[in-house]
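Chemist: Following this message is one structure expressed as structure tokens.
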Amino acid sequence: TTTYVYPPSGYTMSHIVAFIPSIRTIHYNGDVDHNDSMYCYYGYEASRISITCYNSEQRANPACNWLAVWRK
């Protein structure tokens, strides 16, 4: 699942000072064992931040949380 975070009104990507993503909801399916994976990563783009959350045993799309600090 990919989520996009845009700067608030009046801010640009140059105003971001901190960003932390995390997985909020995981929907497991099947046996959870040693060969399963789960990750949440992000990347800065020109006008937004993209967050990707994934787990290998998902039966529905995971959801993510994020915290962003913008300063002028």
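The values are calculated or read from the model by the stated rules, or taken from the named source; none is laboratory data. Since we're looking at a predicted model, the values are computed, not measured. Positions of Cβ are backbone-derived with ideal geometry, glycine not excepted, and every protein chain shown enters the neighbour counts. Surface accessibility is based on the protein's heavy atoms, side chains included, excluding ligands, DNA and RNA. Shrake-Rupley method; radii C 1.70, N 1.55, O 1.52, S 1.80 Å.
Chemist: Of all residues in region 61-72, which are surrounded by fewer than 14 Cβ atoms within 10 Å (Cβ to Cβ) and either part of a strand (DSSP E or B) or modelled with pLDDT of 95 or more (or both)?
Modeler: Within region 61-72, ALA63, LEU67, VAL69, ARG71 qualify.
Chemist: Among residues belonging to region 3-26 that are under 13 Å from ALA63 (Cα atoms) and open to solvent by 70 Å² or more (accessible area, probe 1.4 Å), point out the one that is modelled with the highest pLDDT.
Modeler: Taking region 3-26 first, the residues under 13 Å from ALA63 (Cα atoms) are 3-4, 21-26.
Cutting the leftovers down to open to solvent by 70 Å² or more (accessible area, probe 1.4 Å) gives us 4, 24.
Values: TYR4: 94, ARG24: 83.
Checking each candidate, the answer is TYR4.
Chemist: Would you check if there is a residue in region 27-36 being open to solvent by 50 Å² or more (accessible area, probe 1.4 Å), in a loop (DSSP other than H, G, I, E, B) and modelled with pLDDT of 85 or more?
Modeler: Within region 27-36, none of the residues are open to solvent by 50 Å² or more (accessible area, probe 1.4 Å), in a loop (DSSP other than H, G, I, E, B) and modelled with pLDDT of 85 or more.
Chemist: Being closer than 14 Å to THR2 by Cβ, of a type outside the set (D, E, K, R) and open to solvent by 60 Å² or more (accessible area, probe 1.4 Å) is the requirement here; does TYR42 meet it?
Modeler: Values: closer than 14 Å to THR2 by Cβ: yes; of a type outside the set (D, E, K, R): yes; open to solvent by 60 Å² or more (accessible area, probe 1.4 Å): yes.
Spelling it out, TYR42 is indeed closer than 14 Å to THR2 by Cβ, of a type outside the set (D, E, K, R) and open to solvent by 60 Å² or more (accessible area, probe 1.4 Å).
Chemist: Sort out which residues of region 37-60 are part of a loop (DSSP other than H, G, I, E, B) and within 30 Å of TYR11 (Cα to Cα), and write them in order of number.
Modeler: GLU45, ALA46, SER47, ARG48
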